[in-house]
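Quick note: the coordinates plus some simple rules give every number you see, no bench work behind them. Computed from a predicted structure; not experimentally measured. Cβ placement follows ideal geometry from the backbone for every residue including glycine, while neighbour counts extend to all protein chains displayed.
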């Protein structure tokens, strides 16, 4: 791999850049601090681990370069520690960073010379010309939408050109999007200064032109997504302001047009434009127009929902937008009728229950909640929310037996200790021990079982015998480490015996420094718990049984466990 490094240079003190020839040329940036590689980034798409082979190769070559030795192509080195003493290195080699070399030349040149040189480069090289224009674009361009669109397209042009060869990643993508970030900051300033129309126009254009960039820029770090999300946030802020009528109408019209734009297919952006349209609508005619769009969308998504989960999500989202529309338009009767007619959608049923609760119609709350439990069996994760409504009704009725029954069901279905504590509060001190026995028995044999609930109950009730039996039934190292602090005062000898069996089995099944370090940490933990005798027994076994594992013996020495 070292032979594939085509370029390696120090750009600034302790900052290096390299190019590695893989399936294509990748850029690697390295930062060194206190003789250790602090940051390293490669533009390749590798994501199966923290370090790719290109980074390993560069670190190896960098280490050799800093030691003034030539790398051995037959030597395999995976240690990414690179020694760097900047003052000593400069003194012995006279090496200057790229930045220092450039600054030295720039100091000698007149501004006119630099300008002429830069102009020659930019006139001859279309790619660097595009980058230059995008980077130093005017953040306050003319006000028309066409001008904004022209500017954003010009900013994205270098990235699109570069992406013809490969998707853009990380640092490289950041550089190409810098001009748009500046433009977006300008939009925010305009909105804060009252230039609302211009700010709205710019944000709309950024969304329109940047969304397609998801196709050629890797957005793992959210750079493209940030530009789109921030643009929507600014549009939402603008929609909430008191706009002049011409600006409001133009904004509303554009949102309704954007909703239908094919570039947003497969994204949620179209629906966000409809949310803005609802916020902006004022007249009955405008509300009717949006209602017609949403009704058609809901009808279509209902037809498709049975065959596709996404369409199922879509119909709930469209239905919720219609509710928001009716509320904004003050059409309360239509809103209530819509909830009744569409309560087969879980989110609409939730809104309906909230409404009747606010009306203090507790009988309807209970009826709808029980209907929901029967109706949404394909969504078992929603059971608890319907049961919580039933619990609220039981509390209003001051019905303790009902509260107990519902709270117990919530505990058994969710496994959450908050419900256990709520249930405990509903019982007297004399009744509770018997109920605890019943709950533990249910967890051991019943339908609803959660592995962490039994030990959590044992800890809550200080039932150490049952907690130890649970740990003994699953004596893995993670289980032992999780519960040993509660058991050490009651079952220390038995706990250490379990640790011994588990740790020796662990060492039999695993090799490598990571596992050896874990084993040393467990031995030290055992000693801290009061099990030094057993820990020393294990230590002697490891020293004898695995004498041919030098890495293990080394870790035992470094941890201070062995002499």
Alpha carbon centre of the stretch 215-242 versus the stretch 13-33: separation in Å? 31
Students often check this: by mean Cβ neighbours within 10 Å, which of 16-29, 205-218 ranks highest, and how do the rest follow? 205-218, 16-29
Output the peptides 327-337, 381-391, 53-63 sorted from most to least packed, where packing is the average of other Cβ atoms within 10 Å over each peptide's residues. 53-63, 381-391, 327-337
Relative pair counts by distance (%), Cα atoms of the chain, 10 Å bins: 3, 11, 13, 15, 17, 18, 15, 6, 1, 0
FRET efficiency estimate (nearest 0.05) - Cβ-Cβ, residue 361 to residue 481, R0 51 angstrom: 0.45
Stretched out fully, how many nm does the piece from residue 375 to residue 395 gain, at 0.36 nm a residue minus the Cα gap? 4.8 nm
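Please report, in cubic angstrom per residue, the volume enclosed by the convex hull of the alpha-carbon atoms of the stretch 110-280.
Spelled out: Cα convex hull of the stretch 110-280, divided by residues, is 128 Å³.
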Stretchable slack from residue 388 to residue 165, in nm (0.36 nm times residue separation minus alpha-carbon distance): 74.8 nm
Kirkwood Rh, angstrom, the stretch 477-558 [1 / mean 1/r, Cα pairs]: 12.8
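Given a cut-off of under 8 Å on Cα pairs at least six residues apart, what relative contact order in percent is computed for the chain? Could you put the intermediate results ahead of the total?
Numbers: 568 pairs, mean separation 27.1, N = 563.
Relative contact order for the chain comes out at 5 percent.
For the chain, what does -39500 (n - 2.57) per DSSP helix run (n ≥ 4), summed and divided by total residues, give at 222 nm, in deg cm²/dmol to the nearest 500? If you can, show how the numbers build up before the last one.
Values: 27 runs with 380 residues, N = 563.
The per-residue figure over the chain is -22000 deg cm²/dmol.
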Sorted by mean Cβ packing within 10 Å, highest first, what order do the peptides 533-540, 259-266 take? 533-540, 259-266
State the antiparallel share, in %, of DSSP beta bridges confined to the chain, rounding to the nearest 5. 95
For the stretch 330-371 and the stretch 498-525, what is the separation of their Cα centres, given in Å? 57
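What value does the stretch 370-498 have for Rg/Rh, both radii from Cα atoms and Rh as Kirkwood defines it?
Rg/Rh for the stretch 370-498 comes to 1.05.
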